[in-house]
Amino acid sequence: MAARPAAPVELGFAETAPAWRLRSEQFPSKVGGRPAWLGEAGLPGPAALSCPLCGRALAFLLQLYAPLPGRADAFHRGLFLFCCRAPPCCAGLRVFRNQLPRKNDFFSFDPPTEDPPPETEDSVRLQLKSGAHLCRVCGCLGPKTCSRCHRAHYCSKEHQTLDWKLGHKQLCAQSDNFSDTVPDHNFLFPEFEILIETEDEITPDIVEKEDLEIIGSMGEATEEELESMAKHESREDKIFQKFKTKIALEPEQILRYGRGIVPVWISGENIPQEKDIPDCPCGAKRIFEFQVMPQLLNHLKADRLGISVDWGVLAVFTCAESCRLGTDYIEEFVWKQDITDIP
């Protein structure tokens, strides 16, 4: 795909943070927990947030706050990535974009405060200002209600059953408000804030030093042997070495952001061509915006059942025009490259 002029690459790192910093009004970039929705109307429903492969409810993986400078209609802009964590699938992915002008129905015109709120409790917000109710298990749109109490909302029968077993059965008949206290359903990923830093390019001196160390470790190789090795160096080797070089200075990076740049692939296999990236429904091309790195898997603790989510690179492509959609969430495109046959 044609790349735009080079832009600074921004790196994301997972850090623990107090719960209030990860709420919607703080416009967070974050991993796990429940989505901190941007626009509170037009949320994707259960059908949109079902796994395209197995049909089960997707789990929220991460969101990225990515406003577009100079675009009044994208003063606030968020990208929301979901994945399947239901064995044996653990493969389905979906990503959504939402954007708002600075003056909107959901957030203050002024920047959010840097001070923590006066309240100390970390209650779960399960009803939005728009009136929409959220699922007690996953925090996504919950159009279904408990037929007994009519107060607990869910995205699916599966999540209603899960909540029933973990305490709602006892709370259902109680008259007090139970919505602010939600048990751990073991469905959400661990929650982290994503801190963003600009990448410092690796200097040629460092790359040259790495190459010399590799050559030095070969011992007294003859010129013919070195030439033979060079001829047999595969495209796969080169791509993986480039990947390792890119992350060498910041090995803990979980995300790379750069709208319109070229992704850093981990393998020479399954790299998408332009024809593989569908156009936006508005008719515009989609361009690369960010990629999720395999290092994120270390933070997810997703292997409790022996089968877990896994990837080499998740590359997210979004509308080149970031078309205006009011308060709606529009589905964008994510490409999954697995770690296969890595040398």
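The values are calculated or read from the model by the stated rules, or taken from the named source; none is laboratory data. Owing to the predicted nature of the structure, the values given are computational and were not obtained by experimental measurement. Cβ coordinates were reconstructed from backbone atoms using ideal geometry, including for glycine residues, and neighbour counts include every protein chain displayed. These accessible areas exclude ligands, DNA and RNA; they are computed on the full protein's heavy atoms, side chains included. Shrake-Rupley method; radii C 1.70, N 1.55, O 1.52, S 1.80 Å.
Things worth noting here:
- Filtered residues of segment 40-73 (kept if open to solvent by less than 10 Å² (accessible area, probe 1.4 Å) and at pLDDT below 95): Glu40
- Residues that are in a loop (DSSP other than H, G, I, E, B) and either basic (Lys, Arg) or in contact with a Lys or Arg (Cβ under 8 Å, 6 or more places away or on another chain) (or both), drawn from segment 141-161: Gly142, Arg148, Arg151, Ala152, Cys155, Ser156
- In segment 179-194, residue modelled with the highest pLDDT [restricted to those that are more than 15 Å from Pro35 (Cβ to Cβ) and touching a Ser or Thr at 6+ places or on another chain (Cβ under 8 Å)]: Thr181
- Any hit, segment 105-124, residues being open to solvent by less than 70 Å² (accessible area, probe 1.4 Å), without any contact (Cβ under 8 Å) to a residue 24 or more places away in the chain and part of a loop (DSSP other than H, G, I, E, B): no
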